[in-house]
Amino acid sequence: MKRILSRIALALLLMTFAAIVLCFYFNQFIYAYGLIVVLLLIFGAMGQLYKLKNDEYMYSKLNRRDEYEDYTR
């Protein structure tokens, strides 16, 4: 399932880049810049989600380590 979704996301990304190039070619600058802003927002949101997931993992990892050290001493 994850593999299929990554292929769909890659295809949408390539289509978005092609749409940006076509918008610049046909002198539709407003649409092209709008698509660029949408891409930046999507990449920014993905970065925040990965950061949140990493913070959650590190928090749980630190708490597990303290419990382990308490029991082994």
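Every number here is computed from the coordinates shown, using simple stated rules; none is lab data. All values derive from a computational prediction rather than experimental measurement. Heads up, the Cβs are rebuilt from the backbone with ideal geometry, glycines too, and the neighbour counts pull from every protein chain shown.
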Hz values of 3J(HN,Hα) by residue in region 18-30 - Karplus curve (6.51, -1.76, 1.60), Gly and Pro given as x = 5, 5, 5, 5, 5, 5, 5, 5, 8, 6, 9, 5, 4
request  = Considering the options Y57, I8, F29, tell which one lies farthest towards the positive end of the dipole of the chain, charges being +1 on Lys and Arg and -1 on Asp and Glu at the Cβ, about the Cα centre.
outcome  = I8
message = Using a Cα-Cα cut-off of under 17 Å, which lysines could be cross-linked to K61, ignoring same-chain neighbours fewer than 8 residues away?
response = K51, K53
ask   = With charges set only on the Cβ (+1 for Lys and Arg, -1 for Asp and Glu), what does the dipole of the chain come to about its Cα centre, in debye to the nearest 20?
value = 300
remark   = Under the Karplus relation with 6.51, -1.76 and 1.60 and θ = phi - 60°, whole-Hz ³J(HN,Hα) for region 46-63, x at Gly and Pro, equal 5, x, 5, 5, 5, 5, 5, 5, 5, 4, 5, 5, 5, 5, 5, 5, 5, 5
query = Quick one, which of (i) 4.4; (ii) 6.7; (iii) 8.8 is the actual mean projected area of the Cα convex hull in nm² calculated for this model?
reply = (ii)
request  = Report the extension gain between L41 and N54 in nm, rounded to one decimal, defined as 0.36 nm multiplied by the number of residues separating them, less their alpha carbon distance.
outcome  = 2.7 nm
